[in-house]
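Written out below as C-alpha cells is the structure these notes cover.
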Amino acid sequence: MKNVLLLGDSIRMVYQPLVKEALKGKANVFGPMENGRWSGYTLNSLRFWAPFMPDPDIVHWNCGLWDLGDDYQLGRHFSSPEEYASSLKRTVDVLRKLYGKEIEIIIASTTPVKGGDHLEMQRYNEVIKGVAAESALELNDLFAELIDDIDGCISEDNIHPTPKGAEVLAKKVSAAIERFL
C-alpha cells in the first residue's frame, strides 16, 4: 500500500479525514497535525514534520489562501506572486530531496472564498499552474471544482468548505491520488 502525504492549510485539514476514508485499504493517508498556513510556512515546516511521518510515495499539496492575505492591511498580499512562485518551487525541490526524484507530487489550486477577488485568486492560481508545468507536477484544480457552487460549498465563514464542499473536495483529491495507486 502506498503512503500519501497531504499538505496544505486548514482547507486540507477539513477534507483530509474524508480522503483517508475514501482511500481506506488503497493507501495510507496522513498529514501534519497542524495547519500549513502559507507556502513559506509549509516549506519551512517540512523539516519539522518529516521525521514524524512515514515517507510518502505521493504528495497532494495546496497552499495559497494565506499567501493572498493582507492580514496587516498594508495594501499588499502576504506573498508577492514572485515570492509565492519561489516558495512553491523550493517546496518541490525539498520534497524531491527528502523523498527522491521519483515522488509523485500533485499540486492543487487555491479554493475560492465568498466575497473574494476571484480574478486575483486566479492570478495566483496561474502561478501554481506555471510551477506545475515547469516542475512536471500534476495539477488538481480545486478552484474550478467549487467556484460554480460557491454558496453551497463555502461556509458562512466565507473560507472553509461546508460539509458538501468538503465532500466535493475529498472526491476530487481522492481521484487525483488514485491515478498513482
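Throughout, read-outs are computed from the coordinates displayed, never taken from laboratory work. The shown structure was predicted, so the numbers you read here are calculated from the model rather than taken from an experiment. Cβ coordinates were reconstructed from backbone atoms using ideal geometry, including for glycine residues, and neighbour counts include every protein chain displayed.
Quick look at the values:
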{"quantity": "Along the chain, longest interval not containing exposed chymotrypsin sites (Phe, Trp or Tyr not before Pro), exposed being DSSP loop plus at most 16 other Cβ atoms within 10 Å", "calculated": "73-179"}
{"quantity": "Shape call, segment 79-181: gyration tensor on alpha carbons, a/c limit 1.5", "calculated": "oblate"}
{"quantity": "Loop-located GluC sites (Glu not before Pro) in segment 120-181 whose Cβ has at most 11 other Cβ within 10 Å (DSSP)", "calculated": "Glu156"}
{"quantity": "Residue list for segment 137-161, given a label point 7 angstrom along the Cα-to-Cβ vector of Lys129 and an amide N cut-off under 20 Å", "calculated": "137-150"}
{"quantity": "C-alpha center-to-center spacing [segment 125-181, segment 28-60] in angstrom", "calculated": "18"}
{"quantity": "DSSP beta bridges in the chain [antiparallel fraction, %, rounded to 5]", "calculated": "5"}
{"quantity": "Computed magnitude of the charge dipole of the chain (debye, nearest 20; Cβ of K, R +1, Cβ of D, E -1)", "calculated": "700"}
{"quantity": "DSSP-assigned coil residues among trypsin sites (Lys or Arg not before Pro) in segment 80-156, each with at most 10 further Cβ atoms within 10 Å", "calculated": "Lys101"}
{"quantity": "Which listed pairs, of Lys26/Lys101; Lys97/Lys164; Lys26/Lys129, have C-alpha distances above 30 Å, in listed order", "calculated": "Lys97/Lys164"}
{"quantity": "At 1.002 mPa s and 20 °C, Stokes D of segment 1-154 from Kirkwood alpha-carbon radius, µm² per second", "calculated": "135"}
{"quantity": "Cβ charges +1 (Lys, Arg) and -1 (Asp, Glu), total dipole of segment 68-131, debye", "calculated": "220"}
